[in-house]
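The values are calculated or read from the model by the stated rules, or taken from the named source; none is laboratory data. Nothing here was measured: the structure is a model prediction, and the numbers come from that model. All Cβ positions, glycine included, derive from the backbone under ideal geometry; neighbour counts span all protein chains shown.
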Amino acid sequence: MLLGSGAGDGPAVRVGDGELDRDGLWSAAAAVARRIAGAEAVAVHGEASLRTVVAVVGGLLAGVPVVPVPSDAGTDERRHIVRDSGAALWLGDQREGVDLPAVPVDPSERSSAAFAEPSPGSTGLILYTSGTTGPPKGAVLSRGAMAACLDGLADAWAWTPDDVLVHGLPLFHVHGLVLGVLGALRVGSPLVHTVRPSPAAYAAAAGDGGTLFFGVPTVWSRIAREPAAARALSGARLLVSGSAALPDPVAEDLRALAGHSPVERYGMTESLITLAARADAPRRTGWVGTTLPGVESRLRGEGGATVPSDGEAVGELQVRGATLFDGYRGLAEATAAAWTEDGWFRTGDAAVRDGQGWHRIVGRMSVDLIKTGGYRVGAGEVEAVLLGHPAVREAAVVGEPDDDLGQRIVAYLVGDAVDPAAVVDHVAARLSVHKRPREVRVVEALPRNAMGKVQKKRLTDGGH
Ligand code: MCA
Ligand code: AMP
């Protein structure tokens, strides 16, 4: 069973002030499942709330694929996800861009309806994620892939029902939803979701018995900058960082203040988590660990050449195995392009591997995928929306190094009387808040090569 059993009256999930024990969660979810059973897929408004947890669990109980929709999505992005996913119903308050019948979700409702466990090969979630160009693609994730990933992580981190998991990550991505909610339910450890991942909330949860803490590097760096909050984590059993690279100074500050630094793990929406450092291994900041059970990795250079595992040589990380997705929904060509001819998934990340099978991620192969605050953003998607603004003639979006966010989105624009604030609002209304450029630089011309292609490296190197 993907989520384990619904029996038990201990606390299962707390989100902010709302709380349900296991019996309560399962029977509230069963009430949802009864209403949606048989639907092709359901879209769930992914706000950080108990209702979202009940809605997602309801979909999984009913065996209906769940499509979490970013709570900060602008209208165009929400409309795209809802239409592209084939969702027949909307679980949440009515929102602009959604023309589906809405199904009520009430955490206080109870139903004793029982449902047969769907097969491991059936779709559990469809998660939308950005490529370098075009609108987000729906990664189809089977229940079996999620179970394999969660069991691997439970083993790596010695994660048991005695843990209390704490995090405040979004409930519409792998990190916050698959690891952070489904993981807790599968392992049987109570979850405390802090709504926002603020240093104060993590510190308070540590005081209340939290043992296992998840965060993206931006969360850890904000905690490291608040010594009292960092010290409060000294009693935690394990801190875990992922979704982007953890900077060395952040790990060092946490070690000094909290007495320990996070273990790191690596993954993608498409592959779920494939590499993890074990809880009992010595910390190696920047190293994301070894393959989970059932997963294999390899490094490949230009033209598919083998790259040695010597801890120094860089190649594209390729993975295969039990945690991989089933493809991008409705996109056979993009799906085929994601795999090598001999069946390995191309992560698009550049990595090194050492003789012990540890991996270090050294960057992305493409400048057009940006990671900002742990969110993946495609430069092409933002550029297309910028070009839809009447004042903008040319646009190039890049990720520039940022102490807080890892990378921050910067838009270089050519146009007539461009008003940066209006352009930023234009993006936020259509895509989502975290896809907004943090900075707009109006320039005379974009640097282009002889073929007319924008040379983004020259923009980020300051060579414009
Ligand atoms: C945000 N704001 C902005 C902009 N962006 N204002 C102007 N221009 C912008 N471009 C607003 C926000 O709405 C917010 O307002 C305020 O500015 C502060 O924003 P920010 O600095 O972004 O802080 P935050 O909103 O507190 O967010 C930081 C965060 C967040 C909490 C770290 O980035 C986050 O939740 N990241 C997690 C992403 C994640 O889960 N990724 C996992 C993907 P207001 O305060 O009014 O709201 S899954 C994955 O990667 C794989 C599988 C893996 O390995 O896990
Ligand atoms: P997403 O689609 O949001 O799941 O983003 C996946 C990407 O996040 C990967 O391709 C990596 O570039 C990045 N990523 C995830 N975990 C780590 C990590 N521990 N260190 C460095 N990059 C990471």
Out of all the residues in region 177-216, which are near ligand 1 (Cβ under 8 Å from one of its atoms) and either surrounded by fewer than 24 Cβ atoms within 10 Å (Cβ to Cβ) or of a type in the set (D, E, K, R) (or both)? ARG196, SER198
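Within region 432-439, is there a residue that is within 11 Å of ligand 1 (Cβ to nearest atom), buried (at least 18 other Cβ atoms within 10 Å of the Cβ) and modelled with pLDDT under 95? Break it down into steps so the answer makes sense when it comes.
Applying the first criterion (within 11 Å of ligand 1 (Cβ to nearest atom)) to region 432-439 yields 432-439.
Now narrow it down to the ones that are buried (at least 18 other Cβ atoms within 10 Å of the Cβ): 432, 434-437.
Adding the requirement that they be modelled with pLDDT under 95 leaves 432, 434.
Yes - at least one qualifying residue is present in region 432-439.
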Scanning region 282-306 residue by residue, those among the aliphatic types (A, V, I, L, M) and either in contact (Cβ under 8 Å) with a residue 12 or more places away in the chain or within 11 Å of ligand 2 (Cβ to nearest atom) (or both) turn out to be VAL288, LEU292, VAL295, LEU299
Going by the conditions given, is ARG278 within 13 Å of ligand 2 (Cβ to nearest atom), surrounded by fewer than 23 Cβ atoms within 10 Å (Cβ to Cβ) and outside any strand (DSSP E or B)? no
When region 363-376 is checked residue by residue, the ones that are hydrophobic (A, V, I, L, M, F, W, C), more than 9 Å from ligand 2 (Cβ to nearest atom) and under 20 Å from GLY242 (Cβ atoms) are MET365, ILE370
Among the numbered conditions (1) away from ligand 1 (no atom under 12 Å from the Cβ); (2) aromatic (Phe, Trp, Tyr); (3) within 22 Å of VAL54 (Cβ to Cβ), tell me where TRP159 comes up short. (3)
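Given the structure, is GLU226 farther than 18 Å from TRP157 by Cβ, away from ligand 1 (no atom under 15 Å from the Cβ) and not small (Gly, Ala, Ser)?
Numbers: farther than 18 Å from TRP157 by Cβ: yes; away from ligand 1 (no atom under 15 Å from the Cβ): no; not small (Gly, Ala, Ser): yes.
Against the criterion (farther than 18 Å from TRP157 by Cβ, away from ligand 1 (no atom under 15 Å from the Cβ) and not small (Gly, Ala, Ser)), GLU226 does not qualify.
Within region 239-275, work out how many residues are in a loop (DSSP other than H, G, I, E, B) and either near ligand 2 (Cβ under 8 Å from one of its atoms) or in contact with a Lys or Arg (Cβ under 7 Å, 6 or more places away or on another chain) (or both).
Restricting attention to region 239-275, the residues satisfying the condition of being in a loop (DSSP other than H, G, I, E, B) are 242-247, 259-262, 269-271.
Now drop any that are not either near ligand 2 (Cβ under 8 Å from one of its atoms) or in contact with a Lys or Arg (Cβ under 7 Å, 6 or more places away or on another chain) (or both), which leaves 242-246, 261, 269-270.
Residues meeting the conditions: 8.
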Can you tell me which residue in region 286-302 is nearest to ALA245 (Cα to Cα), limited to those that are within 16 Å of ligand 1 (Cβ to nearest atom) and either part of a strand (DSSP E or B) or at pLDDT below 95 (or both)? GLY286
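On the given criteria, is ASP84 at pLDDT below 95, within 26 Å of SER271 (Cα to Cα) and of a type outside the set (A, V, I, L, M)?
Numbers: at pLDDT below 95: no; within 26 Å of SER271 (Cα to Cα): yes; of a type outside the set (A, V, I, L, M): yes.
Here the answer is no, as ASP84 does not meet what is asked.
Answer with yes or no whether LEU405 is within 11 Å of ligand 1 (Cβ to nearest atom), surrounded by 14 or more Cβ atoms within 10 Å (Cβ to Cβ), among the aliphatic types (A, V, I, L, M) and more than 30 Å from GLU296 (Cβ to Cβ).
Numbers: within 11 Å of ligand 1 (Cβ to nearest atom): yes; surrounded by 14 or more Cβ atoms within 10 Å (Cβ to Cβ): yes; among the aliphatic types (A, V, I, L, M): yes; more than 30 Å from GLU296 (Cβ to Cβ): yes.
Here the answer is yes, as LEU405 does meet what is asked.
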Taking region 1-51, which residues are within 25 Å of the chain's Cα centre (by Cα), of a type in the set (Asp, Glu) and outside any loop (DSSP other than H, G, I, E, B)? GLU19
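Do you know which of the residues in region 415-464 that are of a type outside the set (Asp, Glu) and part of a strand (DSSP E or B) is farthest from GLY399 (Cα to Cα)? It would help to see each step written out before you state the result.
Quick first cut of region 415-464, residues of a type outside the set (Asp, Glu) only: 415, 417-418, 420-424, 426-438, 440-443, 445-460, 462-464.
Checking which are part of a strand (DSSP E or B) leaves us with 415, 432, 440-442, 448, 454.
Working: GLY415: 21, SER432: 16, VAL440: 12, ARG441: 13, VAL442: 16, ARG448: 18, VAL454: 15 Å.
That would be GLY415.
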crowded, with 19+ Cβ neighbours inside 10 Å, within 11 Å of ligand 1 (Cβ to nearest atom) and closer than 19 Å to ASP72 by Cβ: which single residue out of VAL382, VAL397 fits that description? VAL382
Please find, within region 358-379, the residue that is surrounded by the most Cβ atoms within 10 Å (Cβ to Cβ) out of those that are among the hydrophobic types (A, V, I, L, M, F, W, C) and part of a strand (DSSP E or B). ILE370
